[in-house]
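Student: Encoded as structure tokens, here's the structure I'll be asking about.
The values are calculated or read from the model by the stated rules, or taken from the named source; none is laboratory data. Keep in mind the model is a prediction, meaning the values are calculated, not measured. Here Cβ is always computed from backbone atoms with ideal geometry, including for glycine, and neighbour counts include all displayed protein chains. When the accessible area is computed, the model is the full protein with side chains, heavy atoms only, and any ligands, DNA or RNA have been set aside. Shrake-Rupley method; radii C 1.70, N 1.55, O 1.52, S 1.80 Å.
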Amino acid sequence: MKKIKFRKQFTIAILSFNFFCSILQADSPGAKLKPQTKVEFEKAQIAIGEKTIDAEIATTSEQHSYGLMNRLSLPEDFGMLFVFSKEEIQTFWMKNTFVDLSIGFFDEKQRLVDIQDMEAVKSVMEQPKTYTSKSPAKYALEVSRGWFLKNKIKHGAKFKIIRSGPL
């Protein structure tokens, strides 16, 4: 009798936890609850200064929202390039992102205008900080924290896509 009661309580606790987590994953009040699915990204190689990195490209609003979520690590010379429809002040957050990142904001001429370090969230319960570009940007590049400094990439540096498709 006690085993059955414990199993029932345990099952209720697990279901409650899963329900609570799905509520936390809803992006806005009233958003439909749906399971998180992996978002697919185009791949590219990007050159910045003397450095070349492999990157995933985020162009759609779904890709922008998902970004580097749920990653526990990043390869050393890897990043995600966010491409926006117009140049304006951009704001990012680290929802469900468990790796410290640096973000470079680039203007419409693909020139680096701002670099910021972003802190990973410690748990799904934590409200992530927001990071807003100091200047209007059309592109943003997320890489491992400290990547810009380590590779001596400074304000004014330009990027270009040198190859797209499978890497």
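Student: In the range 158-167, what residues are surrounded by fewer than 19 Cβ atoms within 10 Å (Cβ to Cβ) and within 15 Å of Asp107 (Cβ to Cβ)?
Tutor: Lys158, Lys160
Student: Looking at the range 46-91, which of the residues that are open to solvent by 20 Å² or more (accessible area, probe 1.4 Å) and touching an Asp or Glu at 6+ places or on another chain (Cβ under 6 Å) is farthest from Ser135 (Cα to Cα)?
Tutor: Among residues in the range 46-91 that are open to solvent by 20 Å² or more (accessible area, probe 1.4 Å) and touching an Asp or Glu at 6+ places or on another chain (Cβ under 6 Å), the one farthest from Ser135 (Cα to Cα) is Phe78.
Student: Among the residues that make up the range 136-145, is at least one of them within 16 Å of the chain's Cα centre (by Cα), surrounded by fewer than 18 Cβ atoms within 10 Å (Cβ to Cβ) and without any contact (Cβ under 8 Å) to a residue 60 or more places away in the chain?
Tutor: Looking through the range 136-145, none of the residues is within 16 Å of the chain's Cα centre (by Cα), surrounded by fewer than 18 Cβ atoms within 10 Å (Cβ to Cβ) and without any contact (Cβ under 8 Å) to a residue 60 or more places away in the chain.
Student: Please find, among Ile46, Ile103, the residue that is within 17 Å of Ala120 (Cβ to Cβ), of a type in the set (A, V, I, L, M), modelled with pLDDT of 95 or more and in a strand (DSSP E or B).
Tutor: Ile103
Student: So, one more: Quick check on Ile89: is it closer than 20 Å to Glu50 by Cβ, aliphatic (A, V, I, L, M) and over 16 Å from the mean Cα position of the chain (by Cα)?
Tutor: no
Student: Under the condition of being in a loop (DSSP other than H, G, I, E, B) and aliphatic (A, V, I, L, M), which residue from the range 106-135 is farthest from the chain's Cα centre (by Cα)?
Tutor: Met125
Student: Name every residue in the range 92-117 that is open to solvent by 10 Å² or more (accessible area, probe 1.4 Å) and under 19 Å from Ser135 (Cα atoms), in order of residue number.
Tutor: Scanning the range 92-117 gives Phe92, Trp93, Asp107, Glu108, Lys109, Gln110, Arg111, Val113, Ile115, Gln116, Asp117.
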